[in-house]
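A short write-up of the structure that comes next.
The values are calculated or read from the model by the stated rules, or taken from the named source; none is laboratory data. Everything numeric in this text was worked out from a predicted model, so none of it was measured. All Cβ positions, even for glycine, are placed from backbone atoms using ideal geometry, and neighbour counts span all protein chains on display.
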Amino acid sequence: MNKNQIEKAYQLAKTAYAELGVDTDAVLEQINQVVISLHCWQTDDVGGFETPDATLSGGGIQATGNYPGKASSISEMRQDLEKVLSLLPGSQRLNLHAIYGDFGGELVDRDQIDPKHFQSWIDWCKQQGIGMDFNATCFSHPKAADGFTLSSKNEVNRRFWVEHVKRCRAIAAEVGKQLGTPCIHNTWIPDGSKDTPIDRNGHRTLLKQSLDEAMSIDYPKEYMKDAVESKLFGIGAESMTVGSHDFYLGYAIQNNKLICLDNGHFHPTEQVGDKLSACLQFVDEVLLHLTRPVRWDSDHVVTLNEEVQLIASEVIRNNFLDRVNIGLDFFDASINRIGAYVVGTRAAQKAFLIALLEPTDQLKSLEEKGQLFERLALLEELKTKPFGAIWDYYCLKEGVPVGEDFIKTIQHYETEQLSKRQA
């Protein structure tokens with residue numbers, strides 16, 4: 001469609017939504033408050049830049065596929081991220097793992113990293129006009145080979161990981177201080193047991209002790225905020241995960257931390273959208289990791305499905321946007337990685353736009369009056385309202401490709417850049 005067609009379609013859609021009491025112009029202002037943190041590890045399959053031959057190990061970290069063109073250097077990763085940012089409407093952030101430091105070719109172990117190894121990333125974010133989030137990397141390391149990190153009974157290993165998290169939190173605080181927006185530091189560990197353990201309590205006691213030690217320094221919240229992330233199970237941790245949802249929810253409530261809810265880290269029938277209003281009764285903020293689990297935590301590219309839509313709707317219906325921090329967490333190496341980024345991010349943005357276009361007050365009124373047939377009928381009718389015209393106009397306003405036009409842009413980038421990279 002050309003510009004005139006997009007604008008004409010928008011005006012028709014605007015009228016349709018106005019009949020429901022929804023101001024689409026106001027919605028297009030609100031959607032820019034939805035800031036999504038882009039996970040850097042989609043560009044290189046969670047490899048990082050510590051060593052040239054980084055391999056994955058440590059429970060549940062597995063990128064499937066070997067599609068050509070993955071980033072193998074910081075310059076390539078930044079080039080890819082810049083291309084992604086150019087194809088997205090709205091506002092984004094960068095989410096960086098500790099293994100992606102600018103180490104200058106030196107081998108710097110994780111208990112020795114400090115802000116100087118991430119200064120070039122801070123400078124890059126300044127150039128892009130975006131904020132940055134950070135993660136300790138407690139996997140893919142010899143001291144995680146036995147499946148335990150912060151809950152390890154090997155005291156040398158446990159102390160190593162405590163020091164790593166301490167340093168990552170200091171780095172996060174420096175990031176937030178320099179960029180002028182709080183950096184969320186997320187802690188996830190792969191610790192667990194492949195077969196039935198006897199001493200679950202021992203490992204969880206050690207995990208609590210390690211977290212207390214690692215988070216003993218309080219940083220200003222305008223610089224950094226801590227999040228802790230649970231998981232149901234992972235490869236090599238099928239029978240027991242030390243950092244379960246129960247454990248971390250309790251820790252977050254007791255210590256005023258963010259609870260990270262990854263919608264791939266629960267039983268397939270559990271809904272993270274349902275957990276938001278429960279958790280936010282007891283914690284100040286939540287960190288979301290949006291992904292698409294297929295049968296298990298497979299980290300497929302986010303699509304506009306019912307699960308993601310419920311999450312977005314619950315955030316918007318309850319005015320939680322200032323208490324929910326939104327990030328992505330998928331890594332698909334079986335398709336063009338830039339395409340995966342753009343499809344996944346746009347899908348999440350679409351879910352929030354649909355949620356903003358909902359006549360929530362009207363639906364809530366029907367619910368409170370017991371008019372449940374009418375509530376159901378209106379929800380069904382909303383599914384065929386001309387949302388696509390609103391989305392296209394939003395992209396047009398933001399100066400990014402409309403509709404499927406981004407596909408050709410990514411294909412051209414693959415031809416000119418990705419296909420020329422060494423495997």
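All of 294, 302, 283 fail the test of being under 15 Å from the mean Cα position of the chain (by Cα) and either within 23 Å of residue 38 (Cβ to Cβ) or surrounded by 16 or more Cβ atoms within 10 Å (Cβ to Cβ) (or both), apart from 302.
Checked against the criterion of being free of Cβ contacts under 8 Å to residues at least 12 places away in the same chain, in the same structural domain as residue 210 (by TED's automatic domain parsing), more than 27 Å from residue 178 (Cβ to Cβ) and in a loop (DSSP other than H, G, I, E, B), region 95-104 contains not a single residue that satisfies it. Entry remark, region 246-299: residues being without any contact (Cβ under 8 Å) to a residue 24 or more places away in the chain and of a type outside the set (A, V, I, L, M, F, W, C) number 8 in total.
Among the residues making up region 171-213, those that are small (Gly, Ala, Ser), assigned to a helix (DSSP H, G or I) and over 20 Å from residue 325 (Cβ atoms) are 202, 210.
For region 121-143, a tally of residues being surrounded by 14 or more Cβ atoms within 10 Å (Cβ to Cβ), over 23 Å from residue 222 (Cβ atoms) and not charged (D, E, K, R) returns 5.
Taking (1) touching a helix residue (DSSP H, G or I) at 6+ places or on another chain (Cβ under 7 Å); (2) small (Gly, Ala, Ser); (3) without any contact (Cβ under 8 Å) to a residue 24 or more places away in the chain in turn, residue 151 satisfies each apart from (3).
Per the listing 146, 111, the residue uniquely in contact (Cβ under 8 Å) with a residue 12 or more places away in the chain, surrounded by fewer than 23 Cβ atoms within 10 Å (Cβ to Cβ), touching a helix residue (DSSP H, G or I) at 6+ places or on another chain (Cβ under 9 Å) and over 11 Å from residue 224 (Cβ atoms) is 111. Under the condition of being assigned to a loop (DSSP other than H, G, I, E, B), hydrophobic (A, V, I, L, M, F, W, C) and at pLDDT 95 or above, the residues counted in region 323-332 number 1. Can you pull out the residues in region 181-213 that are among the charged types (D, E, K, R) and either farther than 24 Å from residue 290 by Cα or not assigned by TED's automatic domain parsing to the domain that holds residue 254 (or both)? Hits for region 181-213 are 194, 195, 199, 200, 204, 208, 212, 213. Taken together, 210, 216 contain a single residue that is surrounded by 17 or more Cβ atoms within 10 Å (Cβ to Cβ) and hydroxyl-bearing (Ser, Thr, Tyr), which is 210. For the residues 409, 345, the requirement of being of a type in the set (Ser, Thr, Tyr), in the same structural domain as residue 225 (by TED's automatic domain parsing) and touching a residue at least 12 places away in the same chain (Cβ under 8 Å) singles out 345. For residue 75, are the conditions met, namely being without any contact (Cβ under 8 Å) to a residue 24 or more places away in the chain and not in a loop (DSSP other than H, G, I, E, B)? Yes. Filter region 327-371 down to the residues that are of a type in the set (S, T, N, Q) and farther than 30 Å from residue 77 by Cβ, then identify the one that is surrounded by the most Cβ atoms within 10 Å (Cβ to Cβ). Ranking the candidates gives 360 first. In summary, residue 329 fulfils each of the numbered conditions (1) under 27 Å from residue 134 (Cβ atoms); (2) in contact with a Gly (Cβ under 7 Å, 6 or more places away or on another chain) with the single exception of condition (2).
Just name the residue that is farthest from residue 260 (Cα to Cα) out of those in region 188-201 that are crowded, with 24+ Cβ neighbours inside 10 Å and in contact with a helix residue (DSSP H, G or I) (Cβ under 8 Å, 6 or more places away or on another chain). Among them, the one singled out is 191. Per the listing 118, 134, 139, the residue uniquely among the aromatic types (Phe, Trp, Tyr), within 27 Å of residue 291 (Cα to Cα) and assigned to a loop (DSSP other than H, G, I, E, B) is 139.
Screening the candidates 204, 159 for the property of being farther than 19 Å from residue 116 by Cα, modelled with pLDDT of 95 or more and surrounded by fewer than 17 Cβ atoms within 10 Å (Cβ to Cβ) yields one hit, 159. Among the residues making up region 382-404, none is over 25 Å from the mean Cα position of the chain (by Cα) and closer than 13 Å to residue 339 by Cβ. For the subset of region 22-45 comprising residues that are of a type in the set (Asp, Glu) and either touching a Lys or Arg at 6+ places or on another chain (Cβ under 6 Å) or not in a helix (DSSP H, G or I) (or both), which member is surrounded by the fewest Cβ atoms within 10 Å (Cβ to Cβ)? Looking at the filtered set, the residue picked out is 23.
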